[in-house]
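See below for the structure under consideration.
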Amino acid sequence: MTDDDVEMALEAVQRVPGQDSERAELWDDADEPEWRESLDDLVERLRAALRYRRLQAGKRAWRGVRRREARG
């Protein structure tokens, strides 16, 4: 899974509870308020995954710089 995949999933999940979303309307009609909490949890997990992936990519890049400098 790439950063782009995570970003795309995050965008899709964030659209679900939107004002124009038929899914949100259906779930609201079903009287299941937990679905919003579940989506909020999923959004936060996806954001955390994206932050972690970016942090790891930054660390790898920094290690590469340090290696090049050591060879220097």
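Just to be sure, is residue 31 of a type in the set (Asp, Glu) and at positive phi? Spell out how you get there, then give the answer.
Details: of a type in the set (Asp, Glu): yes; at positive phi: yes.
Yes; evaluated as a whole, the condition is true for this residue.
Among 47, 71, 60, which is the only one that is open to solvent by 90 Å² or more (accessible area, probe 1.4 Å) and within 12 Å of the chain's Cα centre (by Cα)?
47
Identify the residue in region 9-23 that is in contact with a helix residue (DSSP H, G or I) (Cβ under 7 Å, 6 or more places away or on another chain) and in a loop (DSSP other than H, G, I, E, B) and, among all such residues, is surrounded by the fewest Cβ atoms within 10 Å (Cβ to Cβ).
18
Residue 29 is checked against (1) in contact (Cβ under 8 Å) with a residue 12 or more places away in the chain; (2) open to solvent by 90 Å² or more (accessible area, probe 1.4 Å); (3) of a type in the set (Asp, Glu) and fails just one. What number does that condition carry?
Only one criterion in (1) in contact (Cβ under 8 Å) with a residue 12 or more places away in the chain; (2) open to solvent by 90 Å² or more (accessible area, probe 1.4 Å); (3) of a type in the set (Asp, Glu) is unmet by residue 29, namely (1).
If residue 6 satisfies every condition in (1) modelled with pLDDT under 85; (2) open to solvent by less than 80 Å² (accessible area, probe 1.4 Å) but one, which is the exception?
In the conditions (1) modelled with pLDDT under 85; (2) open to solvent by less than 80 Å² (accessible area, probe 1.4 Å), residue 6 misses (1) alone.
Could you list all residues from region 1-24 that are over 13 Å from residue 42 (Cα atoms) and not aliphatic (A, V, I, L, M)?
2, 3, 4, 5, 18, 19, 20, 21, 22, 23, listed by residue number.
The values are calculated or read from the model by the stated rules, or taken from the named source; none is laboratory data. These numbers were taken from a predicted model, which means no experiment stands behind them. Ideal geometry is used to build each Cβ from the backbone, glycine not excepted, and the neighbour counts take in all protein chains shown. Just the protein is used for accessible areas: all its heavy atoms, side chains included, with ligands, DNA and RNA removed. Shrake-Rupley method; radii C 1.70, N 1.55, O 1.52, S 1.80 Å.
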